[in-house]
Amino acid sequence: MTNRPNPRGLWVTLEGGDGTGKTTQADHARRYLSEIGRDVIRTREPGGSPLGDKLRHLILTEEMGSHAEALLFAANRADHIRTTVEPALAAGVDVVQDRYIDSSVAYQGYGRDLDPAEVRLLNMWATGGALPELTILLDLDPAVAATRVGNRGEQDRIEQEQDDFRVRLRDGFLTLAATEPDRFVIIDAGDTEAQVAGRVRSAITERLLTR
Ligand code: Z5A
């Protein structure tokens, strides 16, 4: 598959607002990489490690200010990268990851009241500057995404945010993608699951061929 063999695993993150289909597409991506004969793990943030899972529970259930929230996401990420993601990549295993630094910059920065540049800096410090080779941004009209999430029933603390937050969030993600066009691929997530999965596969294949 690769024309220049790379001993490190491929690190792919999926980003976007809630309800854009990241979890669904992370499953497809993991299955695709496995089908083409690659070792792959799937992970997520918040969570992704034993400590991360504890922090996930705190973040999603406790009321807290923006600074505390940003710091807990960064703490989760620092642990997740060092205990799960980096060891896998170093062993040649691909990592398909649901959310990463871009989620913090978009949610805690563009969506809330923190400075996006400061949120990015905090997270780059926490992770030693680790960035994925490919970030797939699933872009979807916030109203459609809200309908998808609403269909699922009970919502967590962050999912209960209002419409203007979701619009700021989407614009924030698109700004991030425009800033790093080599890392990001923007995919229209409004089509059927199978169509979106096809686009995700193409983005991964292309990245494997050019690394
Ligand atoms: N957060 C943050 O603020 N800062 C950070 O740094 C990080 C996270 C890392 C928890 O995340 C919250 O933390 C999240 C962001 C914040 N809050 N919000 N809101 P989470 O991982 O628990 O939740 P999520 O990332 O938002 O995932 P989600 O709500 O489950 O959405 P999703 O993974 O993008 O979508 P999905 O579960 O794959 O699909 C949603 C539904 O749509 C489901 O019923 C699917 O069957 C359906 N679906 C999927 N694809 C399609 C298509 N193509 N057509 C129609 N229906 C579809």
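The values are calculated or read from the model by the stated rules, or taken from the named source; none is laboratory data. Predicted, not measured: the structure shown is a model, and the values here were computed from it. Areas reflect the complete protein model, heavy atoms only, side chains present, ligands, DNA and RNA absent. Shrake-Rupley method; radii C 1.70, N 1.55, O 1.52, S 1.80 Å.
Quick look at the values:
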read-out	value
Accessible-area composition of the chain, carbon plus sulfur, in percent [1.4 Å probe]	53 percent
The chain: relative contact order as a whole-number percent, Cα under 8 Å and 6+ apart	33 percent
Cut-off under 5 Å, modelled amide H: who pairs with Leu137 long-range	Glu15, Val185, Ile186, Ile187
Largest-first principal axis extents of the Cα set of segment 11-209 (Å)	44, 36, 32
Accessible solvent surface per residue of the chain, calculated while the other protein chains remain in place, 1.4 angstrom probe, Å²	47 Å²
Placed amide H near Arg44: partners under 5 Å, 5+ positions off or other chain	Asp98
Vicinal HN-Hα couplings computed from phi for segment 81-97 (Karplus, 6.51 cos²θ - 1.76 cosθ + 1.60; Hz; Gly/Pro x)	5, 6, 9, 10, 6, 5, x, 5, 4, 5, 8, x, 9, 6, 10, 9, 10
Measure of compaction for segment 45-162 (Cα Rg per 2.2 N^0.38 Å)	1.09
